[in-house]
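Working notes, beginning with the structure itself.
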There are 2 protein chains.
Amino acid sequence: MHCLQGENQLAWKAIGIFDSGVGGLTVLKEIIKTLPQEDTIYLGDTARVPYGSKSPETVTRYSRQITSFLVQRDIKMLVVACNTASAVSLAALKKEFPIPIVGVIEPGARRAASVTRSGKVGVIGTAGTIKSSAYAKAIKRINPEIEVVTRACPLFVPLAEEGWVDNEVARLTAQAYLQGVKEEGVDTLVLGCTHYPILKGIIAEVMGGGVTLVDSAEETAFTVAEILRGKALLRPSSEKGNHHFFVTDVPAGFIRVGNRFLGGRLGDVYQVSLDEEGKEEEPAGEEI
Amino acid sequence: MHCLQGENQLAWKAIGIFDSGVGGLTVLKEIIKTLPQEDTIYLGDTARVPYGSKSPETVTRYSRQITSFLVQRDIKMLVVACNTASAVSLAALKKEFPIPIVGVIEPGARRAASVTRSGKVGVIGTAGTIKSSAYAKAIKRINPEIEVVTRACPLFVPLAEEGWVDNEVARLTAQAYLQGVKEEGVDTLVLGCTHYPILKGIIAEVMGGGVTLVDSAEETAFTVAEILRGKALLRPSSEKGNHHFFVTDVPAGFIRVGNRFLGGRLGDVYQVSLDEEGKEEEPAGEEI
């Protein structure tokens, strides 16, 4: 460990990131791009994915377990990369854990509010995210004048996972979900789920040229950088971060998709079992 | 409790049934129809659904936890109503728990083998079920001459849950999955997932009139009756069974769909948390 003059030792700790599965890697990718000097620890809850169709109580219980697990690994801040968990669990986590915690809703809302010209913003996401109204509330907090139109799109995640991203089924599904949002005349659409950027092509096609698609990943990475800078918790930019990955189901599927997401940069992936206290059990390590 | 002459006291215990979620209620419904005198305890693992996309290791861990939970409630036999759990975990459960255990694969395979005339049987199911080859092996054990064509249909469960069972998206999805199976010339198609009967209409339309659709529920209920009769564990047919329900996520969604499945016959539904030992934690009861 280096020891630079006046430097905060806390700065050497890693950034913790979690998602219900593999989708949060899009957020990790942007964090690595913005802050290549930082270590990261990512947890994908692949044994209990998806979160979007489950109750706020259950999602919050899982989020607590994961945060305990990451905090025990001594992280300096937490990024909730899952939209559903950000929407329903962020307040509970902030109350319970004494580290900076950032979700993806607030950054996505900020970006949407700054992009819209017409003052009409669409938001799509899982059933859990849309039911929580978290995006609509966040956008209204920034600018109460903005009109927000929301729509849950439960089939988008399974379509993305099946790899059906530009066939007729994807097109008809996108039309069924988005036609109403389009007719409301939005000029900005928030992709409120980390899987949705995979369907960007078909979503853009259905929404038409005049609509800007917003995903939270990049803006979330900027927010992380800003917070760490404000607290003097950034590592020196001369460093190169290491990245560790944990999953709750066997790692094979995560490794396959993850390497595609991160362009082959995935490091070791370990399987863990989370109990009620978020403790690690039988860490069946698997390297790639 | 009654005490009839020469009667096995064990007979008064309940039948345990589990599924990853609500789909197994189709199996429960047939059991109630065949054995109205029997008590049942059903567990739907709604906090961790689905199983079909998860690893055999994880599905087996969950199945063990649930079986422990039900065995602690003193059941006389267990029905694994989930096709994926039947396909990947049945052998492990039979080894570990000293009660009769029945899955849905074996009965479905038996029905298909008795129905086919052409000797060509199709099987559709989740990724986990199809990858396990459990149906193909079971059918071949009954009749090695039968040719089995299999296809995983990952989008069928989310389509059924979205209620898109006879629109153009469902039709195109069914065509994409089933065209190849149809072209193989099967005359029998096993619906190897408890959700698929909901899509029966569109599946029948795509497969055409000459193909018999088989689901395991009815045959599984006959198997349960046969085993209990063989072991003198049937309750007197003059009795009327009680039915109890446990879920791992909040009960609201299960109650809504379950009442539709069972025609308003759903009893009390309790939420439980399963730890590694399958013990009950904080049983937040909710009556309906």
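Laboratory data are not the source of any read-out in this text; all were calculated from the coordinates shown. Remember, predicted model here, so these are calculated numbers, not experimental data. Ideal geometry is used to build each Cβ from the backbone, glycine not excepted, and the neighbour counts take in all protein chains shown.
So if I place +1 on the C-beta of Lys and Arg and -1 on the C-beta of Asp and Glu, and nothing else carries charge, what would the dipole magnitude of the protein assembly as shown be about its Cα centre? I want it in debye, nearest 20.
On the way: 62 positive and 70 negative charges, 77 e Å.
Magnitude of the dipole: close to 380 debye.
Can you put A:66, A:101 in order, fewest other beta carbons within 10 Å first? All intermediate terms of the calculation are to be shown ahead of the outcome.
On the way: A:66 29, A:101 21.
Ascending Cβ contact count within 10 Å gives the list A:101, A:66.
Work out the FRET efficiency for residue B:204 and residue A:9 from their Cβ-Cβ distance, taking R0 = 51 Å, and round it to the nearest 0.05. Could you put the intermediate results ahead of the total?
Working: r = 67 Å, r/R0 = 1.32.
Efficiency, from the Cβ-Cβ distance: 0.15.
Would you please give the residues with an amide H less than 5 Å from that of residue B:246, counting only those at least 5 places away or on a separate chain, with H modeled from the backbone geometry?
Under 5 Å from the amide H of residue B:246: B:42, B:43, B:44, B:270.
Could you derive backbone 3J(HN,Hα) for the stretch A:193-209 from the dihedral phi with the Karplus parameters 6.51, -1.76 and 1.60 (θ = phi - 60°), listing whole Hz in sequence and x where the residue is Gly or Pro?
Couplings: 7, 5, 7, 5, x, 5, 9, 3, x, 6, 5, 4, 4, 5, 6, x, x Hz.
Between residue A:120 and residue B:184, what is the FRET efficiency for a Förster distance of 45 Å, r being their Cβ-Cβ separation, to the nearest 0.05?
Details: r = 51 Å, r/R0 = 1.13.
Step by step, r from the Cβ atoms, then E = 0.35.
Grab the beta carbon distance between residue A:94 and residue A:171, set R0 = 41 Å, and tell me the FRET efficiency rounded to 0.05.
Working: r = 40 Å, r/R0 = 0.98.
With a Förster radius of 41 Å, E is 0.55.
Do the alpha carbons of any pairs in B:54/B:95; A:94/A:137; A:13/A:140 sit beyond 25 Å of each other, and which pairs?
Working: B:54/B:95 22 Å; A:94/A:137 18 Å; A:13/A:140 35 Å.
Too far apart for the 25 Å limit: A:13/A:140.
Calculate the spin-label point distance for residue A:141 paired with residue B:225, positioning each point 7 Å from the Cα along the beta-carbon direction, and give it in nanometres.
Simple spin-label model gives 5.9 nm for this pair.
Pop out the ³J(HN,Hα) list for the stretch B:226-231 in order, Karplus 6.51 cos²θ - 1.76 cosθ + 1.60 with θ = phi - 60°, rounded to Hz; leave Gly and Pro as x.
Each residue's phi maps through the Karplus curve to give 4, 5, 5, 5, x, 9 Hz.
Among B:35, B:172, B:266, determine the one that fluctuates most according to a GNM of chain B built with springs between C-alpha atoms less than 10 Å apart.
Largest GNM mean-square fluctuation: B:172.
For the stretch B:106-216, what is the charge dipole size about the Cα centre, in debye to the nearest 20, if Lys and Arg each add +1 at the Cβ and Asp and Glu each add -1 at the Cβ?
Values: 12 positive and 12 negative charges, 96 e Å.
Charge dipole, the stretch B:106-216, about its Cα centre: 460 debye, nearest 20.
Determine the dipole magnitude for chain A: charges of +1 sit on the beta-carbon of Lys and Arg, -1 on that of Asp and Glu, nothing else is charged, the reference point is the Cα centre, and the result goes in debye to the nearest 20.
Numbers: 31 positive and 35 negative charges, 174 e Å.
The dipole magnitude comes to about 840 debye.
If each residue's Cβ is checked for other Cβ atoms within 10 Å, how do B:198, A:255 rank with the fewest at the top? Could the numbers behind the result be given before it?
Values: B:198 21, A:255 18.
Sorted ascending by nearby Cβ count, the order is A:255, B:198.
What do you get for Rg/Rh of the stretch B:1-104 when both radii come from the Cα atoms and Rh is the Kirkwood radius?
Numbers: Rg = 14.0 Å, Rh = 14.1 Å.
Ratio of gyration radius to Kirkwood radius: 1.00.
Give the residue from B:40, A:211, A:97 lying farthest towards the positive end of the charge dipole for the protein assembly as shown; charges sit on Cβ (+1 for Lys and Arg, -1 for Asp and Glu) and the dipole is referred to the Cα centre.
A:211
Of all alpha-carbon pairs in chain B, indicate the percentage at a distance above 29 angstrom. Write down the numbers at each step before the final one.
Working: 13165 of 41328 pairs.
Tail of P(r) above 29 Å: 32 percent of Cα pairs.
Net charge within 12 Å of residue B:77 by Cβ-Cβ distance, Lys/Arg positive one each and Asp/Glu negative one each, not counting residue B:77 itself? Show your work: numbers first, answer last.
On the way: positive: B:13, B:76, B:94, B:229, B:231; negative: B:38, B:39, B:74, B:226.
Taking every Cβ under 12 Å from that of residue B:77, the sum is +1.
Take chain A, mark every one of the GluC sites (Glu not before Pro) that falls in a DSSP loop and has at most 11 other Cβ within 10 Å, then report the longest stretch left between them, sites excluded. Intermediate results must be reported in sequence, preceding the final value.
Values: sites that count: A:145, A:277, A:287.
Result for the longest clean stretch: A:1-144.
Show the residues, 5+ positions off or on another chain, whose built amide H is closer than 5 Å to the amide H of residue B:149.
B:121, B:122, B:123
For the stretch B:260-269, in order, what is each residue's ³J(HN,Hα) by Karplus, 6.51 cos²θ - 1.76 cosθ + 1.60 with θ = phi - 60°, in whole Hz (x at glycine and Pro)?
5, 4, 9, x, x, 8, 5, x, 5, 10
Most exposed first by the Cβ proxy, i.e. fewest other Cβ within 10 Å, how do A:249, B:19 rank?
A:249, B:19
Summing Lys, Arg as +1 and Asp, Glu as -1, what charge do residues with Cβ under 15 Å from the Cβ of residue A:129 carry, residue A:129 excluded? The partial results should precede the final answer.
Values: positive: A:54, A:131, A:137, A:151; negative: A:19, A:106, A:215.
Net of charged neighbours comes to +1.
Quick one: go through the stretch A:78-103 and flag any residue whose amide nitrogen is under 17 Å from the point 7 Å out along the Cα-to-Cβ line of residue B:273.
A:89, A:92-93, A:96-97
Once amide H atoms are built 1.01 Å from N in the peptide plane, which residues 5 or more positions from residue B:214, or in another chain, come under 5 Å H to H?
B:189, B:190, B:191
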